[in-house]
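First up is the structure itself, then whatever we jot down about it.
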Amino acid sequence: MDSLDSLPDDVLFHHILPPLPTVSLVRCRYFCKSWPSIVRDPHFLALRQSFYPTSGHLLFVCPASAVATSELQVFSAPISPGQADPPLATHIATIPNLNASMVDVQCVNGLLCLHPKNSSNSKAFAHIFNPTTRQIITLPDDSSVRDKFRASTHFGYDPIRDEFKVLRLLKYNDSHEFKIFTIGDATNSWKLVNNATATHIRPTNWFLEDKRGVCVNGAIHWKYSSYILAFDLRSEQFRQIDIPDGYKYKEHCRPHLKFPDLVELSGCLTLVGYDDRGLNLTILEDYETREWTQKRIILPDGANERIHFPLCSVPKTGEILLMPYFLGRLVRVIYHDKDKTSSRRAVVMKMLEPLWPDQKSGYINIFFYQENFRLLD
């Protein structure tokens, strides 16, 4: 392909680039100097939506097979609520040299962070993967880390500064410290977070539980006991948000399964409670004034047999997408309209075969994401 720089920007912006499939559009970055600024322009992304009217994508990260767990497979499928024939999942990447049973994955604003599960580690790694551009980078080791530690890794995005950051708690036998890494920072190194901002965090052992943070409003949040702990990614300080009276998580009838107690829905931090008939949502509608509202979701008859949890709010319709814990060749979900308090079932994706043979293994990660053309190199 010849250079595209000889073409007027207006032609590239409105006619050449928008209709290209994602893979072809990403390849154009090698032949167009203005590519990075064009593909992140909101007007360009809106124009692209007219050619690809999807509400986002489902992303599945799972082992290659029941026996080949040393590499991860990544599948994607567009979400189109009104589509009669569900799309076939597309394999977009294989990530080698990662033991699926020992790796956790977090998805924030279209990027993935892959890191060790919270356990004893002699080496704490972190990989950043962009499913849109198919790029992956490995963050540098932290040479200041002492031997014999436990690590808890979390991922977030600051929309004000347009920065992705990785937060890591390192716990030693006699102390702990917080480190942070900013993706794309010129120093390309881990920075110590001022421990004075975290002196009220007691006990720190909870940080090492199998608990993912939820990134909303430029902060990473974790539910703990009677409050939510937040780490502001811009100020790099911790703060506390009180949980309103009346919220109950309530263990499901299958306590060995892990369900999220804190999620992001339509940009709002949301506490999730479960019972045998459905879900109770406690939503932080106004982050500044701490205004909470409550919503009740009654699952359709028979839906509770497959156990559902809220994955996301669908951008175009505002419906809440409820994902079943166990999946088969046809991925069946529930769309819940929180305004009409009604639900409908749908098949959103087809697989050539079940994603994994043992779905109780906990090796599977399911995310909602929208295209992000940010370059990692």
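Every number here is computed from the coordinates shown, using simple stated rules; none is lab data. Given the structure is predicted, the values throughout are model-derived calculations rather than measurements. Here Cβ is always computed from backbone atoms with ideal geometry, including for glycine, and neighbour counts include all displayed protein chains.
Amide H neighbours of L98 under 5 Å, at least 5 residues apart or on other chains, H built in the peptide plane: list them. For L98, whose amide H was placed from the backbone, the distant partners under 5 Å are E71, L72. Per-residue extension of 0.36 nm, minus the Cα-Cα distance of S37 and K248, leaves a gain of 71.4 nm for this segment. Extension gain for D377 to R329 (0.36 nm times residue separation, less C-alpha to C-alpha distance): 13.7 nm. The stretch between L192 and V11 holds 60.5 nm of extra length on full extension. This uses 0.36 nm per residue minus the Cα-Cα distance. Across the cross-link table entries K117/K295; K211/K248; K211/K316; K248/K316; K171/K211; K171/K191, which are compared at the Cα atoms, the separations over 24 Å belong to K117/K295; K211/K316; K248/K316. In order along the stretch 180-194, the Karplus-derived 3J(HN,Hα) couplings, from 6.51 cos²θ - 1.76 cosθ + 1.60 at θ = phi - 60°, round to 9, 10, 9, 5, x, 5, 5, 6, 6, 8, 7, 10, 6, 7, 4 Hz, and Gly and Pro are given as x. Set the Förster distance to 51 Å, then compute FRET efficiency between D275 and S144 from the Cβ-Cβ distance, nearest 0.05. It comes out at approximately 0.60.
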